[in-house]
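See structure below.
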Amino acid sequence: MPLRDALQATRARDLDLVEVAPNADPPVCRMMDYGKYLYEQAKRERKARKAQKAEVKEIRLRPKTGEHDVAFKVRDARRFLNDGNKVKVRINFRGREISYPEIAREMLNRVANDLGDISSMEQEPRMEGRSMLMILSPK
């Protein structure tokens, strides 16, 4: 359709003529309400961003935390992961406990193995100041 006829048709319908594919031969245009299109596109992006957002929940332990207490924390982490949140597992050291990081690494690996069926390790256990942490994300 010639440009003049297209513009006349869009004005008659109170719409906008939007160029969709400028590199095509001949260029492709579309009749639409451009303001409404932008509004709906922004609305879709907001909805996608809202659905994408995943909180990071934190679980704190110590190297001397008992087996039952660790199992209790693992149960909480499992609930967080099932809700779609990431879980940061942190082991804080006090005093001379920092001399034995292998105890904390072993505990973190045990937690990762317990949650391995529903999560994947996003960040390996690593030292950060006086604590060791890892991040688990849902599968």
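Annotations for the structure displayed:
- Selection within the stretch 113-122 - assigned to a strand (DSSP E or B) and of a type in the set (A, V, I, L, M, F, W, C): Met121
- Checking Lys64 against (1) exposed (fewer than 13 other Cβ atoms within 10 Å of the Cβ); (2) at pLDDT 90 or above; (3) out of contact with any helix residue (DSSP H, G or I) (no Cβ under 9 Å at 6 or more places or on another chain), the condition it does not meet: (3)
- Considering the stretch 123-139, and only residues there that are farther than 14 Å from Arg60 by Cα and not in a strand (DSSP E or B), the residue that is modelled with the highest pLDDT turns out to be Gly129.
Condition check ((1) closer than 16 Å to Glu128 by Cα; (2) assigned to a strand (DSSP E or B); (3) within 22 Å of the chain's Cα centre (by Cα)) across all residues:
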| site | (1), (2), (3) |
| --- | --- |
| Lys36 | no, no, no |
| Arg49 | no, no, yes |
| Thr65 | no, no, no |
| Ala71 | no, no, no |
| Asp76 | no, no, yes |
| Leu81 | no, no, yes |
| Arg90 | yes, yes, yes |
| Ile103 | yes, no, no |
| Val111 | no, no, yes |
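- Val28 vs. criteria in contact with an Asp or Glu (Cβ under 8 Å, 6 or more places away or on another chain), of a type outside the set (Phe, Trp, Tyr) and without any contact (Cβ under 8 Å) to a residue 24 or more places away in the chain: yes
- Only one of the numbered conditions (1) in the same structural domain as Pro125 (by TED's automatic domain parsing); (2) over 30 Å from Met127 (Cβ atoms) is violated by Leu17, and that is (1).
- Close Cβ contacts (under 9 Å, 6 or more residues apart or on different chains) running from residues in the stretch 117-133 that are among the β-branched types (Val, Ile, Thr) to residues that are outside any strand (DSSP E or B) and surrounded by 12 or more Cβ atoms within 10 Å (Cβ to Cβ) comprise Ile118/Arg78; Ile118/Leu81.
The values are calculated or read from the model by the stated rules, or taken from the named source; none is laboratory data. Predicted, not measured: the structure shown is a model, and the values here were computed from it. Methodologically, a virtual Cβ is constructed for each residue, glycine included, from the backbone with ideal geometry; neighbour enumeration extends over all protein chains shown.
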